[in-house]
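Below is one structure; the comments refer to it alone.
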Amino acid sequence: MTRDKNTYNKIQPVIKRLLNYIKPYKRKLFSVVIFAVCSTSFTILSPVILGLAVTELYEGAVQGSKVDLQYIFLIICLLAVLYLLSSVFTYMQEYLLIGVTQKIIYTLRSEVYQKLYKLPITFFDHTSHGDILSRSINDIEKINNTFKQMISQFLTSVISLLGIMLIMLYISPLITGVVFLIIPGSIFITKKIVKKSQLYFKNQQKLLGNLNGFVEESYTGQETIKAFNLENDADENFQKRNNLLYEYSWKAQYISSTITPLLKLLQNMVYIVVCVLGSIFVINQLITLGNIQAFIMYVRQFQQPVNKLATIMNTIQSTIAASERVFQLLDEKEQPLSAKKNADHSSHNNEFVHFENVSFSYDHSSSVINNVNLKINKGETVAIIGENGAGKSTLSLLLLGLLAPSEGRILIGGNNIHQIEEQEKFELFGTVFQENWLFSRSIRENIAYGSKADDVTDEEVIKAAELAQADYFIRNLPDGYNTIINESGSNLSEGEKQLIAIARAVMAQPEILVLDEATSHVDMMMDERIQTGLQGLMRGRTTFIIAHQPSTIKTADRIIVLENGEIIQEGNHDELWQKHGYYKDFIS
Ligand SMILES: Nc1ncnc2c1ncn2[C@@H]1O[C@H](COP(=O)(O)OP(=O)(O)OP(=O)(O)O)[C@@H](O)[C@H]1O
């Protein structure tokens with residue numbers, strides 16, 4: 001199959017899908033077509049009407065008959081009314097079209113935003129943030145900027161073409177035949193150029209996403225770049241990407257911009273032929289002067305929709321390239337939906353959490369978790385230790401249902417974690433990670449988010465913050481609990497963010513508590529105080545702790561040692577202390 005055919009085969013489903021978004025607005029779009037037909041036909045009719053006036057004047061002035069001024073005045077009035085009506089209909093057409101296209105863009109934006117929440121977290125590992133932002137903002141904006149223009153110009157151009165063709169055929173079929181020669185020529189030129197530039201347009205959008213990703217990375221990693229004196233390196237890297245983007249954008253614009261001059265050349269040649277033929281016809285009295293003048297005006301008018309259609313092809317290409325990228329994002333495989341509602345978590349036997357032959361791989365080749373079997377009782381505290389990269393965090397993400405096992409399953413109270421409904425999952429777990437995401441809202445709201453209740457009192461928030469040892473630092477902030485957290489939480493230290501995340505987990509009062517290096521950023525004194533608070537919170541709850549402090553680990557009911565994703569030791573402190581192995585080395 002040729003590359004051209006491939007390109008067209010790819011364009012078709014994208015257009016079909018875009019049309020699907022229009023479907024719910026069929027009625028409005030029908031009205032748009034009616035208004036477009038009315039407004040365009042009124043504009044198209046004007047040269048014929050004007051031609052009547054010219055013929056009347058010509059016959060009066062040249063052939064010596066009396067000029068009927070009243071007739072000419074009537075024609076002028078008719079023209080004024082037609083132009084006025086045409087403007088009103090154009091306004092109506094645009095008004096309706098803006099409503100439809102904006103609703104479509106609104107839907108598309110919402111779909112993309114919701115999709116981001118449905119994607120598995122592994123998607124974000126292999127896709128740069130810049131690319132995701134580029135698809136969900138730049139590409140949608142591109143569609144937004146061109147969609148309305150595309151539909152409106154397409155409609156008016158097609159209607160104009162049809163209308164003008166009919167009137168031209170009525171005036172002189174022979175000269176019209178000559179003008180029609182322009183159509184296959186125009187189609188040929190447009191098709192050739194569109195095929196060539198489509199590839200560049202697609203790459204242009206892709207490279208823009210790539211550049212966005214790099215800029216975002218440079219922005220977030222500024223401190224590291226400065227600390228390691230990598231400014232020149234980063235600059236060079238940026239220039240390389242920017243040059244590539246420049247090259248592709250330039251080529252895309254250049255190739256597509258050759259359409260207009262080429263078409264103009266073709267049209268002007270046809271125009272000359274029409275003028276010569278028209279003069280011969282008038283001299284031989286085969287056509288009136290008014291009609292040939294109208295005809296020449298139609299030839300000019302005929303070129304406009306042809307040019308417009310060619311320009312739209314240009315716009316369509318970039319819109320299609322942008323739509324394709326948005327649809328690719330929308331088609332990404334989602335995290336399997338948790339369907340089972342009101343699952344009964346009360347275990348039939350004592351096991352509450354059950355890892356059954358669980359294996360997991362990020363890249364579908366090398367396993368990070370290898371055949372883990374683990375039965376945890378309700379209320380038990382399990383500490384997971386192991387070297388860096390042993391798979392501790394991965395195990396906690398599996399437990400939370402944020403990653404899906406490649407093999408085996410995880411049961412909570414007998415129910416597969418991936419079949420527990422999202423709201424129930426939220427109520428089941430409380431989490432504190434090493435890096436915690438806080439919303440750019442007030443500290444109070446961030447803590448209250450943890451709660452299952454709709455109404456949370458200030459007292460409850462303060463109590464949770466006190467237990468997490470966060471109250472003191474919050475009160476010392478100028479706006480206290482009303483302090484608004486910056487985007488990405490840059491106005492708080494990592495330790496302070498962890499304290500807020502702990503307070504949030506306290507608010508949740510979850511059945512299962514997952515603490516992954518929950519106090520890694522706080523100082524030792526603070527850590528001890530938090531541990532006391534956390535002990536209170538953990539009491540009676542099933543808890544998973546990933547930590548490095550021996551004091552926290554020793555007190556756990558069960559300690560699990562992971563190595564390369566496998567459990568190599570399991571037992572409580574006394575049992576493991578008796579044995580040689582990782583645990584003993586770790587504690588001593
Ligand atoms: N998002 C990811 N994509 C691909 N590989 C990953 C991802 N996250 C972790 N890994 C890999 O999986 C393995 C286990 O990582 P994990 O973070 O679970 O280990 P860990 O025991 O928690 O380490 P640490 O103590 O350093 O936090 C490592 O080899 C790591 O490189």
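Table for the structure above
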quantity: Options Arg529, Arg504, Arg539: the member that is modelled with pLDDT of 75 or more, more than 16 Å from the ligand (Cβ to nearest atom), surrounded by fewer than 22 Cβ atoms within 10 Å (Cβ to Cβ) and of a type outside the set (A, V, I, L, M); calculated: Arg539
quantity: Residue that is modelled with the lowest pLDDT [pool: residues in the stretch 51-68 that are of a type outside the set (Lys, Arg), touching a helix residue (DSSP H, G or I) at 6+ places or on another chain (Cβ under 9 Å) and more than 17 Å from Gln293 (Cβ to Cβ)]; calculated: Ser65
quantity: Residue check for Gln535: over 46 Å from the mean Cα position of the chain (by Cα) and on the phi < 0 side of the Ramachandran plot; calculated: no
quantity: Pairs where the first residue, in the stretch 507-535, is not assigned by TED's automatic domain parsing to the domain that holds Lys392 and of a type in the set (Val, Ile, Thr) and the second is at pLDDT below 75 and within 16 Å of the ligand (Cβ to nearest atom), C-beta under 8 Å, 6+ apart; calculated: none
quantity: Those residues of the stretch 356-412 which are away from the ligand (no atom under 14 Å from the Cβ) and under 24 Å from Asp125 (Cα atoms), in sequence order; calculated: Asn371, Gly401, Glu407, Gly408, Arg409, Ile410
quantity: Of residues in the stretch 452-468 being assigned to a loop (DSSP other than H, G, I, E, B) and surrounded by fewer than 18 Cβ atoms within 10 Å (Cβ to Cβ), the one nearest to the ligand (Cβ to nearest atom); calculated: Lys452
quantity: Residues of the stretch 275-298 classified as in a loop (DSSP other than H, G, I, E, B) and over 21 Å from Ile75 (Cα atoms), total; calculated: 3
quantity: Those residues of the stretch 106-130 which are free of Cβ contacts under 8 Å to residues at least 12 places away in the same chain, surrounded by fewer than 16 Cβ atoms within 10 Å (Cβ to Cβ) and within 16 Å of the ligand (Cβ to nearest atom), in sequence order; calculated: Phe124, His126
quantity: Spans of strands (runs of 3 or more DSSP E) in the stretch 347-445 with at least 2 residues closer than 30 Å to Ile587 by Cα and assigned by TED's automatic domain parsing to the domain that holds Ile553; calculated: 381-386, 429-432
quantity: Close pairs from the stretch 226-240: first among the acidic types (Asp, Glu), partner assigned to a helix (DSSP H, G or I), Cβ under 7 Å, at least 6 apart; calculated: Glu231/Ile225
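Here's the yes/no breakdown for (1) β-branched (Val, Ile, Thr); (2) away from the ligand (no atom under 13 Å from the Cβ); (3) touching a helix residue (DSSP H, G or I) at 6+ places or on another chain (Cβ under 7 Å):
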position: Thr543; (1), (2), (3): yes, yes, no
position: His548; (1), (2), (3): no, no, no
position: Thr555; (1), (2), (3): yes, yes, no
position: Ile560; (1), (2), (3): yes, no, no
position: Glu566; (1), (2), (3): no, no, no
position: Tyr583; (1), (2), (3): no, yes, yes
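The values are calculated or read from the model by the stated rules, or taken from the named source; none is laboratory data. Since this is a predicted model, take the numbers as computed values, not measurements. Cβ sites come from the backbone with ideal geometry, for glycine too, and all protein chains shown count toward neighbours.
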